[in-house]
Amino acid sequence: TRHLNSPEAVVSTQSTGGGSMGGAPQQSGPTPFQQYGQYMNDPVVANMAMQYGSSLATSGKAYVEQNLDRYIPVSRVKFYFAVTTDYVIHKLLLLLLPFMNKEWGAYSSGNGEPTRHLNSPDLYIPVMGFATYVVVVAVALGSQGKFTPEMLGMTATTAFVWLLIEIGVVQLAMYLVSVTTDIKLFDLAAFSGYKFVHMIVCVVSSMLLGSLGYYVSFIYASSAIVYFLICTLRYIILPDSAEDRIARGSKRRNNLLLLIAFIQPLIIFWLTHHVTYGSDPELPIKKKKF
């Protein structure tokens, strides 16, 4: 009988493969990732997963839309962007050439879309005008050698802040004089944003014709926007019947209308004079040596 700890016993054990060290590796089962892949390859399971994902996305979209409408009236905002190419062209002509228009009337801000009435306000032209104004100012500054990347953000921020200040001042004036009108907040934002079209004309005229072109275009643009706003908003702000004029006070309403109209030239000049204000550059003249 050999002892278990003898060298012969150790050699005999290794040769017979009884130890785990010398034996063949054991075959393990499929990994969890392989099991998941096999499970998802099943057509029934894949169909169920797709249906569940689709229903989950639909319910999530409906939930977001319902809760978003509580804070942001998305349906009302879409109303102000429902424009066509013909509407945009005719509205731009109306803004630039309001003196040629003979049909001024009240618009419907709740029933008809802006595409159905030329006098209806929209937000498409103000938004596009705002973006174009920022680009045109950058080009003007670049032609003068004053452009920096920070000027884009500064120009956009300044114009947007002044637009908010203007809307806030008008709303405060309406509250202080106790004037109730049918004009909505988005209507006021649209009418206030139309001046970006005239601001673009002023900046472009300055680049092409110098300071003289700027002043001429500024006078015309100011007259055009004031005339347009008075003719458009008088049917909304001013009452129609004499009895209503006595009850609510026509003088206060006239002052409100003039405030909305005549504040536009001030903001136009303030947002464009830093780009175009000043005399034309003089030709270099050699100094005489004494």
What's the whole-number percent of alpha carbon pairs in region 96-221 lying beyond 26 angstrom? 34 percent
Once the dipole of region 79-235 is set up from charges on Cβ (+1 Lys and Arg, -1 Asp and Glu), the residue from the list Ile89, Ser223, Gly142 lying farthest towards its positive end is Ser223
Could you pull the accessible area for Ser250 with a 1.4 Å probe, rounded to 10 Å²? 40 Å²
Diffing region 220-235: the Karplus 3J(HN,Hα) column from phi (6.51, -1.76, 1.60, θ = phi - 60°), in whole Hz with x for Gly and Pro, holds 5, 4, 5, 5, 5, 5, 5, 5, 4, 5, 5, 5, 7, 8, 5, 6
Could you pull out the pairs from Lys102/Lys184; Lys102/Lys251; Lys184/Lys251; Lys91/Lys146; Lys91/Lys251 whose alpha carbons sit more than 32 Å apart here? Lys91/Lys146
From Cα pairs below 8 angstrom and at least 6 apart in sequence, can you work out the relative contact order of region 85-231, rounded to a whole percent? 33 percent
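The values are calculated or read from the model by the stated rules, or taken from the named source; none is laboratory data. Predicted model only: the values in this text are computed from it and were never measured. Glycine gets a Cβ as well: all are built from the backbone with ideal geometry, and neighbour counts include every protein chain shown. Ligands, DNA and RNA are excluded from the accessible area calculation, which covers all protein heavy atoms including side chains. Shrake-Rupley method; radii C 1.70, N 1.55, O 1.52, S 1.80 Å.
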